[in-house]
Every structure is written in structure tokens, then in C-alpha cells.
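A short worksheet on the structure shown next.
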Amino acid sequence: MTTEKPDMNDFELDEIFASARRTTPEVSDDFMTRLLADAAMVQDEWSAPPVEKITESGGLLTLVWSMLGGWVGTGGLAAAAITGLWIGIAPPDALSVIDDAIWGTSVDLTVFSSDDVLGVEG
């Protein structure tokens, strides 16, 4: 877009924008008809895929397998389970600080000395 006055200042530009805001654009009925037809076509393309019905002919294991999401869902569940097991067996050193903050530190108290197994010495 070219202008006749290339050295416009901000006040002239603000005046042009203000006049453009005062006028409301007119939209033709033909344009709205074409726009709504295009929108309906795009909505039809983006419709949800058909849902597969779960059949109970495979038994309980097939039903549970499909409820978990098949291979994709079960793979994520297995990865989360292995990660939880790994963190539970060999926790990182950073977790000990969080563990102490939540559960507190443990203290070992001995009632009897380690030499007095029966607790008979005074």
C-alpha cells in the first residue's frame, strides 16, 4: 500500500485509524453464504471418528485390554509402573530431602545396651 504523503506523523495516522473505526463494514449476503458453506464443509471433515464397540466375546481379559487402550495405553502404564518400581528400589539422593520434609527423620532409640540382650543388667 502506498501513500501520497510518506512523511505522516503519529497524529495523522491516529486520525485515519479513528475514522476507520467509526465506519462499520458491510458484508454481502453472497459472501456470508459462501463463508458458512465453507465452514460447514470443514466441520464435516473434522467430525469425530466412529467409536468401536467393545465386544464381550473375548472375555474379561479382552475387555480390560480394550479399556486400558490396547498396546498404546498398556505401554504407557507399563513404563510408569517400571519407573515407579525403579524409584522405589533405588531412589535418587534428591528424594531423601523431600522424604525427610514429608515424613520427618527417623531416630533410633535403644532401651537396653547392645551387650545386655535380656535386659537384666541395671
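The values are calculated or read from the model by the stated rules, or taken from the named source; none is laboratory data. Please read all numbers here as calculations on a predicted model, not as lab measurements. Cβ coordinates were reconstructed from backbone atoms using ideal geometry, including for glycine residues, and neighbour counts include every protein chain displayed. Quick note on the areas: whole protein, heavy atoms, side chains included, nothing else; ligands and nucleic acids left out. Shrake-Rupley method; radii C 1.70, N 1.55, O 1.52, S 1.80 Å.
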(1) surrounded by 10 or more Cβ atoms within 10 Å (Cβ to Cβ); (2) out of contact with any Leu (no Cβ under 7 Å at 6 or more places or on another chain); (3) modelled with pLDDT under 70 all hold for Thr83 apart from (3)
Subset of the range 32-67, residues modelled with pLDDT of 80 or more, within 25 Å of the chain's Cα centre (by Cα) and open to solvent by less than 80 Å² (accessible area, probe 1.4 Å), comes to Val64, Ser66
